[in-house]
């Protein structure tokens, strides 16, 4: 098959969706398919070989200018190449334009209006490019927030269109009115333009069917998968000091503050071995105050010397960091539909203590790689952490089960095999 696979670039940020799309495209290519992985908004950043093409559709600078400065909606193409160029997009990315649903509502709605929105020129540029790239068998768009691309692509190429669902609701739910209601209405109106919706977890499929009024039979599940290479399963430490780890974006919804509260409770308990806390993950400028507040709290508790923020490591750094951990927790404060970092930790044999919610529940249940605890409850999280810090045999059992479960169910190859079935059915018309 020849697939046009669009992915929403996240500039210089390591983004779970970008990592997943790149790993899937690479695995499909290894299986003999021709996948044209094409970023939207900005180039993608991955910690594995990047298989995306050197072309960005709907360049983030152009989209922003066309939204806010009417004259840019009519500029000729020979001028657009300046702000659509990779150097310009990377320069803009370094400025870290705030990705805040509260202020991006009008642009979200405009993009959902498709050719009737302010970015109509970008839709024409997209059609011109894709029709010049030869014949495709199917197209996939990366988010329901970009569902406005479905009909123009289907009309231009005459092929079926899929749409991945991987956590759009977190952004949509934080839009201010009237943008939230308008965005949801537009997405629901465009549902018929998509031939198949692809959810990254069973939880995501169930939730989005109800949230966006999509008939369940039009949703297929392609579970997340990761590249296993480099994830060595080493023996668990049996003597302290032990490390509690966090690996996710440093943002309130990911729950680092909940983990810090639980950590304080753990280290105050009699019988706990010497322990430290390490956190890693991408930190947007808009969340620096959040991290500083956490660090100030740890200082107030005289625990600052037990905490380290390790930044956003590359792949080698990530693999080394996972080996450093003795238990990993991402106590998300919402029903997370993905859970990529959980798979990465388990692939390295590290046990989990995570909230019993969203896709976390099915990942831990399917692999047996850790403990599920009551969500949004530092005491319950502390109980789980204490259990694995003090019972190293149990922790090792979870680690082995998780490593085996990921290799059985959540590799890039198993993800690609599932996607291959979905797109094969789509192309043959049997979806």
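Selection of region 364-379 for residues being in contact (Cβ under 8 Å) with a residue 60 or more places away in the chain and surrounded by 18 or more Cβ atoms within 10 Å (Cβ to Cβ) yields only 378.
Counting only helices (runs of 4 or more DSSP H) wholly contained in region 1-101, the ones carrying 2 or more residues that are modelled with pLDDT under 90 and more than 26 Å from residue 254 (Cα to Cα) occupy 60-68, 77-84, 86-94. Tell me, please, whether a residue that is assigned by TED's automatic domain parsing to the domain that holds residue 69, surrounded by 17 or more Cβ atoms within 10 Å (Cβ to Cβ), assigned to a helix (DSSP H, G or I) and modelled with pLDDT of 95 or more can be found in region 128-145. Yes, the conditions are met somewhere in region 128-145.
Name the residues in region 283-305 that are in a loop (DSSP other than H, G, I, E, B) and over 17 Å from the mean Cα position of the chain (by Cα), would you? Listed by number, the residues that qualify are 301, 302, 303. Evaluated against (1) part of a helix (DSSP H, G or I); (2) over 18 Å from the mean Cα position of the chain (by Cα), residue 353 falls short on exactly one condition, (1).
On the stretch given as region 406-431, residues that are modelled with pLDDT under 95 and not in a helix (DSSP H, G or I) total 3. Just so you know, in region 147-173 the residues that are crowded, with 22+ Cβ neighbours inside 10 Å and assigned to a helix (DSSP H, G or I) include one that is farthest from the chain's Cα centre (by Cα), and it is 153. The combined condition, being surrounded by fewer than 24 Cβ atoms within 10 Å (Cβ to Cβ), under 30 Å from residue 139 (Cα atoms), modelled with pLDDT of 95 or more and not assigned by TED's automatic domain parsing to the domain that holds residue 207, is fulfilled by residue 335. Could you check region 213-223 and list, in sequence order, the residues that are part of a loop (DSSP other than H, G, I, E, B), in contact with a helix residue (DSSP H, G or I) (Cβ under 6 Å, 6 or more places away or on another chain) and buried (at least 18 other Cβ atoms within 10 Å of the Cβ)? Once the filter is applied, which keeps residues that are part of a loop (DSSP other than H, G, I, E, B), in contact with a helix residue (DSSP H, G or I) (Cβ under 6 Å, 6 or more places away or on another chain) and buried (at least 18 other Cβ atoms within 10 Å of the Cβ), region 213-223 yields 214, 222. Can residue 200 be described as over 26 Å from residue 152 (Cα atoms), touching a helix residue (DSSP H, G or I) at 6+ places or on another chain (Cβ under 8 Å) and not assigned by TED's automatic domain parsing to the domain that holds residue 354? No, not satisfied. For region 306-332, the set of residues classified as touching a strand residue (DSSP E or B) at 6+ places or on another chain (Cβ under 9 Å), surrounded by fewer than 24 Cβ atoms within 10 Å (Cβ to Cβ) and assigned to a helix (DSSP H, G or I) consists of 306, 317, 318, 321, 324, listed by residue number. Every condition in (1) under 23 Å from residue 388 (Cβ atoms); (2) in contact with a strand residue (DSSP E or B) (Cβ under 8 Å, 6 or more places away or on another chain) is met by residue 269 except one, and the failing one is (2). Screening 257, 190 for residues that are surrounded by fewer than 22 Cβ atoms within 10 Å (Cβ to Cβ), in the same structural domain as residue 383 (by TED's automatic domain parsing) and modelled with pLDDT of 95 or more leaves exactly one candidate, 257.
Taking region 260-282 as the range and being at pLDDT below 95 and under 23 Å from residue 323 (Cα atoms) as the test, only 282 passes.
Only residues that are farther than 18 Å from residue 133 by Cβ, buried (at least 23 other Cβ atoms within 10 Å of the Cβ) and without any contact (Cβ under 8 Å) to a residue 40 or more places away in the chain were counted across region 25-40, and they come to 0. Scanning region 294-305 for residues that are touching a residue at least 24 places away in the same chain (Cβ under 8 Å) and surrounded by fewer than 17 Cβ atoms within 10 Å (Cβ to Cβ) yields a total of 2. Candidates are the residues of region 367-381 that are part of a helix (DSSP H, G or I) and in contact with a helix residue (DSSP H, G or I) (Cβ under 6 Å, 6 or more places away or on another chain); the one that is nearest to residue 398 (Cα to Cα) is 367. Looking at residue 349, is it over 28 Å from residue 169 (Cα atoms), surrounded by 24 or more Cβ atoms within 10 Å (Cβ to Cβ) and either in contact with a strand residue (DSSP E or B) (Cβ under 7 Å, 6 or more places away or on another chain) or modelled with pLDDT of 95 or more (or both)? Yes: the conditions hold for residue 349.
The values are calculated or read from the model by the stated rules, or taken from the named source; none is laboratory data. No experiment lies behind these values; they were computed from the predicted model shown. Neighbour counts run over all protein chains shown; Cβ positions are idealised from the backbone, glycine included.
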